[in-house]
There are 2 protein chains.
Amino acid sequence: MNPSSDQITRAHTEKMDANDPIAHLRDRFVLPESDIYLDGNSLGPLPHGVMERLEKAVKEEWAQGLIRSWNDADWYPAPQRAGAAISRLIGADEDEVIVCDSISVNLYKLLVGALRMRKDRKIIVSEIGNFPTDVYINAEVAKMMGCELRCVLPEEVEQAIDEAGENLALVQLTHIHYKSGRVYDMEGITKRAQDLGGLVIWDLAHSAGTYPVQLNGCNADFAVGCGYKYLNGGPGAPAFVFVARRHFETMHQPLVGWHGHAEPFAFTQEYKPHASIEQMLTGTASQLATLVLEAALKVFDDVDMNVLRQKNMALGDLFIALVEQELGGMGFELASPKEAEGRGSQVSLTHEHGYAIMQAVIARGVVGDFRAPDILRFGFAAPYVRYVDMWDAVHHIREVMQTEEWKRPEFNERRAVT
Amino acid sequence: MNPSSDQITRAHTEKMDANDPIAHLRDRFVLPESDIYLDGNSLGPLPHGVMERLEKAVKEEWAQGLIRSWNDADWYPAPQRAGAAISRLIGADEDEVIVCDSISVNLYKLLVGALRMRKDRKIIVSEIGNFPTDVYINAEVAKMMGCELRCVLPEEVEQAIDEAGENLALVQLTHIHYKSGRVYDMEGITKRAQDLGGLVIWDLAHSAGTYPVQLNGCNADFAVGCGYKYLNGGPGAPAFVFVARRHFETMHQPLVGWHGHAEPFAFTQEYKPHASIEQMLTGTASQLATLVLEAALKVFDDVDMNVLRQKNMALGDLFIALVEQELGGMGFELASPKEAEGRGSQVSLTHEHGYAIMQAVIARGVVGDFRAPDILRFGFAAPYVRYVDMWDAVHHIREVMQTEEWKRPEFNERRAVT
């Protein structure tokens with residue numbers, strides 16, 4: 001091989017790693033040696049320290065402390081503590097974020113609660129192609145509350161907001177798209193909706209822990225987000241919810257479980273919501289799951305989200321350049337914005353045989369994922385993904401194509417979870 | 001001491017343990033040596049094998065398998081598997097029970113779903129003094145759906161059902177009361193409500209794992225229950241939900257998260273509920289929490305629920321007899337039904353200084369709990385509680401009263417969680 005001067009070489013990517021100011025963060029994770037893990041947008045890896053926290057929680061706090069640990073091991077405020085740790089990553093105040101339930105459930109709370117604050121308005125604006133759970137919950141709540149759900153294309157969102165005008169109740173969008181990685185203008189859309197008197201609910205599933213979200217900087221109203229993707233809280237980790245302080249007294253969510261009560265242990269028969277973010281709690285939440293997420297968040301203790309963002313943009317740019325350099329004419333199309341600023345920390349490609357190709361690539365230890373109908377999704381979590389991984393991943397894809405490995409029957413069988 | 005012939009002695013209780021056919025089940029739990037643990041109705045102890053399962057889940061399945069474990073480690077069907085394990089304990093079919101979310105959230109799903117099946121009916125009957133979360137959720141849903149919630153005393157429930165007549169939409173009751181331990185006639189109430197065309201939702205929080213519930217034997221419609229009490233699934237373990245098979249097609253719950261979809265990984269924009277118990281799923285649930293509960297349920301593998309029930313009735317009878325024998329004139333009153341048949345596996349006492357007395361008793365290692373305003377609650381989980389524990393517990397209470405230990409300042413400070 002005799003690469004031309006503008007060709008990217010593996011040595012080039014190794015040099016980028018050597019100059020990476022946050023390369024050391026990779027040591028905070030347990031990562032299988034044989035993998036190039038590009039699926040942190042689906043399940044973050046295990047951070048060091050989590051297993052130790054879990055052992056203590058089970059062997060000491062549960063087994064020996066038993067019921068006393070709700071007080072003695074400070075279990076009860078764990079959702080608040082984990083929320084506070086997340087708040088810094090998304091530009092919120094510590095007491096505006098709490099960890100509980102799933103995104104689906106939290107979105108339901110916020111949607112009903114927000115619509116109750118805009119009773120005379122009847123239009124919800126969302127996106128065609130939003131993550132399915134968001135669409136399902138939006139549609140369900142709209143029907144239940146007698147509202148109209150208008151799902152439009154990303155480029156039509158602003159127009160749809162304007163057209164709703166004084167009938168705009170709320171806008172619900174996913175900040176970074178789960179398939180394409182496209183980033184919405186949080187500040188602009190929030191202002192546009194609020195200028196008309198509407199409210200906005202942001203889904204930060206693909207933003208929290210990887211993008212320097214500024215909720216309060218954008219005057220955001222409400223948000224939900226995911227604990228098991230870029231926050232590395234483990235499979236199915238609890239979600240988080242953000243309510244701007246100015247809405248604490250006026251928002252009334254419908255899942256009025258006892259943990260959201262102003263005095264849960266008074267066991268009164270009348271529900272009185274806690275006048276804080278705690279009103280978003282419902283029933284007793286898995287303490288083990290919450291403690292795991294809390295321990296996992298220590299990874300971010302001294303991390304500057306802007307530095308992290310610079311790296312994931314650079315990783316994405318490098319990946320795209322390598323795809324162009326190495327995979328030309330093989331049938332791949334870029335399904336993510338090409339400009340880094342408008343793209344989250346993932347790059348998606350389409351290919352008509354995307355499912356089988358991804359299975360073949362995974363079998364080589366390059367772990368991305370597939371999203372129907374034809375998307376190969378590669379996530380670049382800056383704390384542990386290396387520049388050299390971009391080179392190696394693209395070369396594995398190239399070999400899978402050149403050898404036609406993806407045609408093997410085992411890569412073409414559909415599995416339960418994709 | 002020279003006890004009279006009808007007095008219960010410690011030796012008498014030791015003999016009961018020696019004759020206990022399920023005494024060996026105690027070895028299935030990790031129990032602190034210094035405790036007499038009578039709070040399994042609030043948090044069950046750690047079963048052996050759970051920590052090992054958790055270590056495998058974290059160190060192998062999460063850390064090494066990463067996203068692949070949703071398929072390769074069979075994570076995805078864990079809610080169904082745990083549900084199937086619970087089904088046997090509550091007289092349901094394996095595919096009628098699933099593990100997810102909290103009781104509060106599941107109750108909300110069932111209430112809205114059931115009311116949608118009885119659109120022309122407007123009355124919900126429940127109990128004054130039902131567990132607060134049940135009351136809050138009942139009241140919220142009733143208001144939202146334009147229904148009237150009639151909360152009555154336990155002895156008035158049947159009359160309230162009859163009075164609602166053809167306007168009865170549903171009855172929502174907790175099978176065994178969290179404070180008193182009173183047991184409702186599940187079969188009789190279910191039939192009474194159904195004869196009028198109503199539906200019934202049972203909360204089995206204090207029944208599952210300790211009472212031989214026969215959901216299908218009673219022709220029950222719906223039920224929810226708790227994973228962290230008698231099922232020993234760990235602090236805040238996920239809850240379970242039961243839907244009778246005949247309602248699979250007609251019940252539509254409102255928390256339409258993607259895991260309840262007929263084809264979750266098709267990522268379609270239209271919600272189509274799974275025509276099975278899986279429609280009760282919402283978002284991605286904590287896998288670690290679900291696997292812990294699944295592992296904990298192995299405790300019940302070969303247990304006959306009727307034998308277990310015989311023992312917890314006998315423990316309660318013994319405790320009440322010892323309270324009468326040892327604590328006369330000290331201000332305690334029995335707050336549970338005296339007849340074992342009408343009582344779950346707990347005995348509650350009232351005392352005007354109940355809070356401080358319970359703290360003093362706990363400090364001696366006799367772990368019960370307190371429920372406002374004046375209830376000392378003692379739970380008798382037959383798999384690990386011994387007859388001799390009844391003798392020792394009552395004698396500790398007696399000493400706390402005789403020495404006035406409960407008056408110490410540290411026992412009179414209210415803590416966050418009671």
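Read the figures in this text as sums done on the coordinates, not as results from a lab. As the structure is a prediction and not an experimental result, all values here were calculated from the model. Cβ: placed from backbone, ideal geometry, glycine included. Neighbour counts: every protein chain shown.
With R₀ set to 60 Å, the beta-carbon distance separating A:Thr9 from A:Lys119 gives a calculated FRET efficiency near 0.45. Of the residues B:Met251, A:Met144, A:Met117, the one with the fewest other Cβ atoms within 10 Å heads the list, and the complete ranking is A:Met117, A:Met144, B:Met251. For B:Glu127, the residues 5 or more places off, or on other chains, whose built amide H falls under 5 Å of its own are B:Val152.
Derived value for chain B: Kirkwood hydrodynamic radius 22.5 Å. Basis is the mean of 1/r over every pair of different alpha-carbon atoms. Packing here is the average count of other Cβ atoms within 10 Å per residue, and on that basis the peptides A:368-375, B:196-203, B:313-320, highest first, run B:196-203, B:313-320, A:368-375. Report the local net charge at A:Ala285: Lys and Arg +1, Asp and Glu -1, summed over other residues whose C-beta lies under 11 Å from its C-beta. Value of the local net charge: -2. The label point for A:Ala363 and the one for B:Val307, both projected 7 Å from the Cα toward the Cβ, are 5.0 nm apart.
Calculated FRET efficiency, B:Asp195 to B:Arg246, Cβ-Cβ distance, R0 = 22 Å: about 0.85 to the nearest 0.05. A simple charge model with +1 on the Cβ of Lys and Arg, -1 on the Cβ of Asp and Glu and nothing else charged puts the dipole of region A:76-300 at about 360 debye relative to its Cα centre. 3J(HN,Hα) along region A:342-353, derived from phi through the Karplus expression 6.51 cos²θ - 1.76 cosθ + 1.60 where θ = phi - 60°, amounts to x, 10, x, 9, 9, 10, 10, 10, 9, 7, 4, 9 Hz, with x in place of Gly and Pro.
Using R0 = 30 Å, the C-beta based FRET efficiency linking B:Glu339 and B:Ile128 works out to 0.85. Panel note: the C-alpha atoms of region A:236-310, placed on their principal axes, show extents of 50, 31, 19 Å (largest first). Look at the stretch A:263-276: the mean tally of other chain Cβ atoms within 10 Å of its residues' Cβ atoms is 4.
For the listed residue pairs A:Lys311/B:Lys59; A:Lys122/A:Lys179; B:Lys122/B:Lys191; A:Lys407/B:Lys56; A:Lys59/A:Lys229; A:Lys122/A:Lys143, the alpha carbons are over 22 angstrom apart in A:Lys311/B:Lys59; A:Lys122/A:Lys179; A:Lys407/B:Lys56; A:Lys59/A:Lys229. Less than 5 angstrom separates the built amide H of B:Phe29 from those of B:His48, all sequence-distant by 5 or more or on a different chain.
List A:His48, A:His247, A:His206 from most exposed to least, where exposure is judged by having the fewest other Cβ atoms within 10 Å.
A:His48, A:His247, A:His206
Note: relative contact order over chain B, using C-alpha pairs below 8 Å and six or more positions apart, is 22 percent.
Which of the DSSP-defined H helices in chain A satisfy a minimum axial length of 27 Å, computed from C-alpha atoms, and a minimum mean Kyte-Doolittle hydropathy of 0.0?
A:305-326
From the residues B:Gly233, A:Leu149, A:Ile8, which one has its Cα farthest along the dipole of the protein assembly as shown in the positive direction, the dipole being from +1 and -1 charges on Cβ of Lys/Arg and Asp/Glu about the Cα centre? The residue sitting most towards the positive pole is A:Leu149. Neighbouring Cβ atoms from other chains, within 10 Å of the Cβ of residues in A:172-184, number 0 on average. Backbone phi angles across region A:94-102, fed through the Karplus curve with coefficients 6.51, -1.76 and 1.60 (θ = phi - 60°), yield HN-Hα couplings of 4, 8, 9, 10, 9, 9, 5, 6, 10 Hz in residue order; Gly and Pro are listed as x.
Its Cα gyration tensor gives region A:76-300 an equivalent ellipsoid. The semi-axes, each the square root of 5 times an eigenvalue, are 26, 21, 15 Å from largest down. Summary of packing: across the peptides B:293-299, B:279-285, B:408-414, the per-residue average of other C-beta atoms within 10 Å ranks them, highest first, as B:279-285, B:293-299, B:408-414. Cβ crowding within 10 Å ranks B:Lys229, B:Lys407 as B:Lys407, B:Lys229, fewest other Cβ atoms first.
3J(HN,Hα) along region B:410-418, derived from phi through the Karplus expression 6.51 cos²θ - 1.76 cosθ + 1.60 where θ = phi - 60°, amounts to 5, 8, 10, 7, 6, 9, 4, 10, 10 Hz, with x in place of Gly and Pro. Taking amide H positions as modeled 1.01 Å from N, with prolines and chain starts lacking one, the residues under 5 Å from B:Asp203 and 5 or more places away or on another chain are B:Leu173, B:Thr174, B:His175, B:Val224. Report the local net charge at B:Ser87: Lys and Arg +1, Asp and Glu -1, summed over other residues whose C-beta lies under 11 Å from its C-beta. So the surrounding residues net to -2.
For B:Glu33, the distances from its label point to the matching points in the remaining copies are 4.1 nm, ordered from shortest, with each point set 7 Å beyond Cα toward Cβ. Taking every DSSP beta bridge that has both ends in chain A, the antiparallel portion is near 55%. Peptide A:136-144 is shielded by partner chain Cβ atoms: per residue, an average of 5 of them sit within 10 Å of its Cβ.
A viscosity of 1.002 mPa s and a temperature of 20 °C, combined with the Kirkwood radius over Cα pairs in Stokes-Einstein, give a translational diffusion coefficient for the protein assembly as shown of 76 µm²/s. The residue among B:Thr210, A:Val292, A:Trp391 whose Cα reaches farthest toward the positive pole of the charge dipole of the protein assembly as shown, with charges on the beta-carbon of Lys, Arg, Asp and Glu, is B:Thr210.
For chain A, modelled as a GNM whose springs connect Cα atoms under 10 angstrom apart, the maximal fluctuation among A:Asn106, A:Asn219, A:Asn130 occurs at A:Asn219. Sorted largest first, the principal axis extents computed over the alpha-carbon atoms of region B:176-217 equal 29, 20, 13 Å.
Here B:Ala18 yields copy-to-copy label distances, from shortest upward, of 8.0 nm, the label point defined as 7 Å from Cα along Cα to C-beta. Taking the centroid of alpha carbons for each part, region A:282-303 and region A:342-368 are 29 Å apart. Net length available on complete extension from A:Lys272 to A:Lys56 is 74.3 nm, with 0.36 nm assigned per residue and the Cα-Cα distance removed. For B:Lys15, give me every one of the aspartates and glutamates with a C-alpha distance below 19 angstrom, ignoring sequence neighbours fewer than eight places off in its own chain. Within reach: B:Asp6, B:Asp27, B:Asp317, B:Asp389, B:Asp392.
Label points for A:Glu333 are taken 7 Å from Cα along Cα→Cβ. From this copy to the others they lie 7.7 nm apart, shortest first.
Taking the Cβ of A:Lys229 as the center, what net charge do the other residues with Cβ under 13 Å away carry, scoring Lys and Arg +1 and Asp and Glu -1?
-2
Assuming charge only on the beta carbon of Lys and Arg (+1) and of Asp and Glu (-1), the dipole of the protein assembly as shown about its Cα centre is about 400 debye to the nearest 20. Centroid-to-centroid, using Cα positions, region A:206-242 and region B:256-271 are 22 Å apart. The gain in end-to-end length when the A:Arg415 to A:Asp317 segment is fully stretched comes to 32.2 nm, 0.36 nm per residue minus the alpha carbon separation. Region B:37-100 and region B:167-194 have their alpha-carbon centroids 29 Å apart.
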